Amino acid sequence: MSNYGADSIDRLSIIDSHTEGEPTRVILDGWPPLAGATMAERQRDLSSRFDHLRRAVVSEPRGSGVAVGALVTPPVERGSACGVIYFNDVGVLGMCGHGTIGLVRTLIHLGRLTERSLRIDTPVGTVGAELHDDGSVAVENVPASVHALDVRVRVPTLGWVTGDVAWGGNWFFLAHAMPPDEARPTAALGPSRREIPLTLSQVGPLTERAAAIRDALHADGIRGANGAIIDHIELVGPPDRADADARNFVLCPGAAYDRSPCGTGTSAAMAVRHARGQLALGARWRQESITGTLFTGWLSARGDDIVPSIRGHAWITGETVLRFEANDPFRWGMTEAVA
Ligand code: PYC
């Protein structure tokens with residue numbers, strides 16, 4: 001199939017927002033139509049024919065590794081308001097909790113939200129969203145599940161690390177706090193194995209640690225269901241805020257960490273807590289991010305499924321026309337190798 005002249009695109013209109021600190025860049029018009037009767041097919045079409053547009057929108061010099069793009073499409077399910085495909089500078093995402101809150105806030109800003117609750121189709125299932133009087137948006141995510149608890153992975157720089165593999169709309173490894181390694185003398189590992197506080201001043205070491213864990217999972221072939229790659233790493237620790245239950249640091253695919261508490265990561269964390277008997281259905285879970293922002297989450301049962309919801313706020317930060325000049329060497333963004 002042709003790319004509908006995607007190479008001749010010279011501008012796209014976007015709305016930027018941030019959800020509890022994490023940016024979302026919604027593309028409403030200008031992107032060529034995607035082929036496919038399902039959102040998963042459309043996601044594959046985006047990756048195969050329009051990967052240069054993905055890069056152009058979220059990579060440098062127009063974006064950054066932190067930005068999550070949200071391409072709005074017509075719905076595929078009866079009763080849904082729209083479809084959406086999320087992506088970042090590395091590739092496409094399954095679901096995105098902060099992005100869905102940002103998308104709803106953007107639709108409100110544009111006067112396109114006709115109902116206070118709506119359904120949105122994503123490549124991994126249809127989600128619900130509801131606008132509340134205080135301006136917050138609650139997202140009813142796709143069902144979450146725990147794939148494996150207490151998985152041990154040998155990380156060259158750290159020794160053995162234990163964590164849980166869970167699905168919250170993306171695949172997560174939720175690393176446990178690290179006790180001194182019994183298998184090797186702690187001294188031999190040096191300071192690398194010490195606990196790193198989940199604070200902004202420690203973002204460098206936290207990123208390095210999470211990336212090392214991700215590399216080790218890949219090297220050892222530790223995966224999610226059906227061989228899915230685990231591309232999000234969540235480090236979990238005690239909260240800073242008096243009104244939170246836990247604080248996290250989430251490394252997204254690529255090199256950027258989530259400035260929000262990560263909607264899919266909060267969903268995966270709640271599924272793990274529930275599986276361990278530590279979080280009852282309906283009980284509130286307040287997840288603090290590394291930047292100190294908060295999502296409130298809870299779990300509901302739908303048949304045999306455990307369905308997570310998260311609630312938070314988003315704010316509009318910009319309305320922009322991105323330009324792609326024909327002679328710009330970075331017309332389609334920087335490649336991953338350059339970035
Ligand atoms: O909020 O689910 C989320 C998310 C995933 C990646 C970045 N944010």
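Cβ-Cβ distances below 8 Å connect the following pairs, each with a first residue in segment 306-331 that is over 22 Å from Ser59 (Cβ atoms), a second residue that is of a type in the set (Phe, Trp, Tyr) and modelled with pLDDT of 95 or more, and a separation of six or more residues or different chains: Pro308/Trp298; Ser309/Trp298; Ile310/Phe295; Arg311/Phe295; Gly312/Phe295. Annotation: of all residues in segment 247-272 being assigned to a loop (DSSP other than H, G, I, E, B), near the ligand (Cβ under 9 Å from one of its atoms) and of a type in the set (A, V, I, L, M, F, W, C), the one that is nearest to Gly169 (Cα to Cα) is Cys262.
Applying the criterion of being within 16 Å of the ligand (Cβ to nearest atom) and among the polar types (S, T, N, Q) to the residues of segment 94-125, the residue that is surrounded by the most Cβ atoms within 10 Å (Cβ to Cβ) is Thr100. All but one of (1) surrounded by fewer than 24 Cβ atoms within 10 Å (Cβ to Cβ); (2) in a helix (DSSP H, G or I) hold for Gly36, so report the exception by its number. Of (1) surrounded by fewer than 24 Cβ atoms within 10 Å (Cβ to Cβ); (2) in a helix (DSSP H, G or I), only one is false for Gly36: (2).
Filter segment 9-31 down to the residues that are away from the ligand (no atom under 16 Å from the Cβ) and farther than 18 Å from Gly333 by Cα and list them by number. Correct list: Ile15, Leu28, Asp29.
Taking the stated definitions as given, is Thr317 under 16 Å from Glu22 (Cβ atoms), β-branched (Val, Ile, Thr) and not in a loop (DSSP other than H, G, I, E, B)? Yes.
Residues in segment 289-305 that are more than 30 Å from Leu206 (Cα to Cα) and part of a strand (DSSP E or B): how many?
Initial filter on segment 289-305 (more than 30 Å from Leu206 (Cα to Cα)): 300-305.
Now drop any that are not part of a strand (DSSP E or B), which leaves 300-302, 305.
Residues flagged as more than 30 Å from Leu206 (Cα to Cα) and part of a strand (DSSP E or B) within segment 289-305 amount to 4.
Do we have Glu234 as out of contact with any Pro (no Cβ under 9 Å at 6 or more places or on another chain) and acidic (Asp, Glu) here? Against the criterion (out of contact with any Pro (no Cβ under 9 Å at 6 or more places or on another chain) and acidic (Asp, Glu)), Glu234 qualifies. I'd like the full set of residues that are charged (D, E, K, R) and either touching a Cys at 6+ places or on another chain (Cβ under 6 Å) or surrounded by fewer than 22 Cβ atoms within 10 Å (Cβ to Cβ) (or both), limited to segment 274-290. Arg276, Arg284, Arg286 - these are the residues of segment 274-290 that are charged (D, E, K, R) and either touching a Cys at 6+ places or on another chain (Cβ under 6 Å) or surrounded by fewer than 22 Cβ atoms within 10 Å (Cβ to Cβ) (or both). When you scan segment 297-309, do you find a residue that is in contact with a strand residue (DSSP E or B) (Cβ under 9 Å, 6 or more places away or on another chain) and under 19 Å from Gly237 (Cβ atoms), even just one? Within segment 297-309, one or more residues are in contact with a strand residue (DSSP E or B) (Cβ under 9 Å, 6 or more places away or on another chain) and under 19 Å from Gly237 (Cβ atoms). Restricting segment 66-76 to residues that are away from the ligand (no atom under 11 Å from the Cβ) and surrounded by fewer than 24 Cβ atoms within 10 Å (Cβ to Cβ), which is nearest to Glu319 (Cα to Cα)? Selected residue: Val72.
Results for (1) more than 19 Å from the chain's Cα centre (by Cα); (2) of a type in the set (A, V, I, L, M, F, W, C), shown as yes or no for each residue.
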{"residue": "Arg223", "(1), (2)": "no, no"}
{"residue": "Ala255", "(1), (2)": "no, yes"}
{"residue": "Ile290", "(1), (2)": "no, yes"}
{"residue": "Gly303", "(1), (2)": "yes, no"}
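The values are calculated or read from the model by the stated rules, or taken from the named source; none is laboratory data. All values reported here derive from a predicted model rather than from experimental measurement. Here the Cβ is made from the backbone with ideal geometry for all residues, glycine too, and neighbour counts use every protein chain on show.
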